[in-house]
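Structure first, commentary second.
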Amino acid sequence: MSKIGVFDSGIGGLSILNEALHQAPGHHYVYLADSVNTPYGEKSSDWVSSRSLALCSWLIEQGCDAIVIACNTATAQAISQIREAFPKNAIIGVEPGIKPAAQQSSKKIVGVLATQNTLTSDKFKQLLASLLSDCEFIQQAGVGLVPLIEQGQLSGPFIDALLHQYIDPMIEQGADTLVLGCTHYPFLQSQIQSMYGAQLQIIDTSNAVVKQMCRLVSAEETRIGSVNFYSTSDGQSLLQLAKKLLGFQGLLQAQAYSVHL
Ligand code: DGL
């Protein structure tokens, strides 16, 4: 069994944890939400990278063997520094799934919804440049979505208005595929699908990220896995949201804590 740290600016990384609990339920997970500082999407890149490094150090102090940076924004700004600082630990990051999207789009027009920081990062620009594809990418920052998701709003007039504002122009420009480039957005997937139907296929890379995690951690798992939830704001609120979003498996042991970092 491995002890695996998973962190995000808030509850977005729960979309990755959810997949991890399906694919590899018998590990001990430590989930850290930096809820007091969410959202990261429009903060300065220096701030995001030093904060991500601090969260990662704390998880390693807790004894985590592997770290999943379950945040596109933190991955884009800090994964190189984190790997340099912790060369003995497996560090797994996330990035917008533009490669599978380019392969799957029949019109070769793809919308990418991500944070401002992710879209303007050098890492994302390099990812785009590395793609030998004739695909057109329509990039859109999802400003305002993360704070609503953090409040547990996954549908309703405010979410719908923002989704229309961001996705309608992509459809008008011919996009048939949408990349969810922020780990908070998979929680909006069914809402997006109900608004746009089959004309828009949605790409979420949680599955691939967790497969990569499984390749890098011990294959041994215990019969009953566990999750300790830590929030830099309120651990109990995080646990309540996690219960709602993860559809908790009966065998999972979960505890919640508030932590001041
Ligand atoms: N969930 C994060 C991401 O994948 C961060 C979103 C935010 O805090 O703005 O980018």
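The values are calculated or read from the model by the stated rules, or taken from the named source; none is laboratory data. Every value quoted in this text rests on a predicted model; they were computed, and no experiment measured them. Cβ: placed from backbone, ideal geometry, glycine included. Neighbour counts: every protein chain shown. Just the protein is used for accessible areas: all its heavy atoms, side chains included, with ligands, DNA and RNA removed. Shrake-Rupley method; radii C 1.70, N 1.55, O 1.52, S 1.80 Å.
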Ordering Y257, Y166 by the accessible surface of their heavy atoms, 1.4 Å probe, largest first, yields Y257, Y166
First obtain the Kirkwood hydrodynamic radius of region 75-183 from its Cα pairs, then insert it into the Stokes-Einstein equation at 4 °C and 1.567 mPa s, and state the resulting D in µm² per second as a whole number. 85 µm²/s
Lys pairs in the chain, Cα-Cα under 18 Å, at least 8 apart or on separate chains: how many? 8
Counting Lys and Arg as +1 and Asp and Glu as -1, each charge on the Cβ, what is the dipole of the chain about the Cα centre in debye, to the nearest 20? 460 debye
For region 1-143, build the charge dipole from Cβ charges (+1 Lys, Arg; -1 Asp, Glu) around the Cα centre, then report which of G142, S49, Q126 sits farthest towards its positive end. Q126
Angle between the chain longest axis and helix 206-216 axis [Cα atoms, degrees, rounded to 10]: 40 degrees
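Determine the calculated [θ] at 222 nm for the chain from helices alone, applying -39500 (n - 2.57) to every DSSP H run no shorter than 4 residues and normalising by the residue count; nearest 500 deg cm²/dmol.
Calculated mean residue ellipticity at 222 nm is -13000 deg cm²/dmol.
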Potential lengthening between E61 and A161 on full extension [0.36 nm per residue; Cα-Cα distance subtracted]: 31.8 nm
Over what distance in Å are the Cα centres of region 72-136 and region 155-210 separated? 17 Å
Extension gain (nm, one decimal) between Q240 and E220, 0.36 nm per residue minus Cα-Cα: 4.3 nm
What's the angle, to the nearest 10 degrees (0 to 90), between helix 72-85's Cα axis and the longest principal axis of the chain? 40 degrees
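Seen from all sides and averaged, what is the projected area of the convex hull of the Cα atoms in region 109-248, in nm²?
10.8 nm²
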Can you tell me the 0 to 90 degree angle between the C-alpha axis of helix 157-172 and the longest principal axis of the chain, rounded to 10? 50 degrees
Report the full-extension gain for the segment Q153 to Q201: residue separation times 0.36 nm, less the Cα-Cα distance, to one decimal in nm. 15.0 nm
Once the Cα gyration tensor of the chain is found, what semi-axes does its equivalent ellipsoid get, as square roots of 5 times the eigenvalues, in whole Å, sorted largest first? 29, 20, 18
Spacing of the two label points (7 Å from each Cα toward its C-beta) at Q103 and Q81, in nm: 3.3 nm
